[in-house]
Amino acid sequence: MKTTPPRPIDYRPVTGEHMAVRLCSLRKVHGRGAGAVTALDGIDHDFPAGTFTAVMGPSGSGKSTLMHCAAGLERPTAGTVVLGSRDLGTMSERQLTLLRRDHVGFVFQDFHLIPALSVAANVELPLRLAGRRPDAHRLDDLLSRVGLHDRRRHRPGQLSGGQRQRVALARALITRPEVVFADEPTGALDRASGREVLALLRAAVDDLGATVVMVTHDPQAAAWADEVLLLADGRLVDQLTGPDTTTAETIAARLAALGA
Ligand SMILES: Nc1ncnc2c1ncn2[C@@H]1O[C@H](COP(=O)(O)OP(=O)(O)OP(=O)(O)O)[C@@H](O)[C@H]1O
Ligand SMILES: [Mg+2]
């Protein structure tokens, strides 16, 4: 009989667990000379597969830059990003483009759907671009999970903001990516629609084994995550883990302590 302890209920990182993304001594300096801005100033962090992480911090603290470097959208000035088993620093631009298409899911504040395509076609698009056969079962399952199966033939323009973001989430999940990056996914939504999107991000992690990294300014949104990272001036200054500390109240208090 196995004697290892059961997996902790709050999905805290377990040593030796598979890491979806590893950041090591990550630095990013924009520009050069007197006008140079240090956006990331030595970030070390591992994102365990199958967990939900929120990234918070004052405006300009480096949240988007961290996400862009981790997703292979921007090249760091120094340090390494390992996504799955791939060291992004060793990859060409072409390889990074394919990596983003095939192994990373993105959810943006303003949805980025294609207006001329139906809901179903938007969700399938990453698979079609990759020349992969759209899996009808997976498509049906994801559309049902996000509550839009009966809207599959509609265009994005016929949907509410919350519904559009649910399409974007299904699209981000269709390729079974190593990680889904979401930059302010609830920023353009009302509270109720935002809660639906957050519940679906949570369910993607709990039910589908997805890994989610979400940038947000909202402590109530961050409270859905397993772990909350707080950035200030390009540094990781605080890390909250576990159901007792990842509450909206505690998160708001720690943010306030940063002078956010
Ligand atoms: N392309 C760029 N050129 C020069 N400076 C940049 C560039 N992109 C970001 N920066 C600077 O890097 C720092 C971090 O920016 P970043 O966008 O990562 O912050 P953020 O935490 O996402 O902020 P916000 O909450 O406002 O979105 C800021 O000082 C910003 O002005
Ligand atoms: Mg930002």
Lys and Arg at +1, Asp and Glu at -1: neighbours of Pro126 with Cβ under 14 Å from its Cβ sum to +4
Descending principal axes extents, region 166-258, alpha-carbon based, whole Å
38, 28, 26
So what are the three principal axis dimensions of region 70-109 from its Cα atoms, in whole Å, longest to shortest?
28, 19, 18
By how many nm would the segment from Glu249 to Arg75 grow when fully extended, if each residue of separation counts as 0.36 nm and the alpha-carbon distance is taken off?
59.1 nm
Once you place label points 7 Å from the Cα toward the Cβ at Asp141 and Leu98, how far apart are they in nm?
2.6 nm
Check: the chain dipole with +1 on Lys, Arg Cβ and -1 on Asp, Glu Cβ, in debye
900 debye
Please report the Cα spread of the chain along all three principal axes, rounded to whole Å, starting with the longest.
50, 47, 43
For region 72-78, in residue order, the Karplus 3J(HN,Hα) values (coefficients 6.51, -1.76, 1.60; θ = phi - 60°; whole Hz; Gly and Pro = x) are x, 8, 10, 8, x, 6, 7
For Val215, list long-range residues whose amide hydrogen, built 1.01 Å from N in the peptide plane, is under 5 Å from its own amide hydrogen.
Val55, Ala182, Asp183, Glu184
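Values quoted throughout were computed directly from the atomic coordinates according to the rules given, and no laboratory measurement underlies them. Everything numeric here is computed off the predicted structure, so don't read it as measured data. Neighbour counts run over all protein chains shown; Cβ positions are idealised from the backbone, glycine included.
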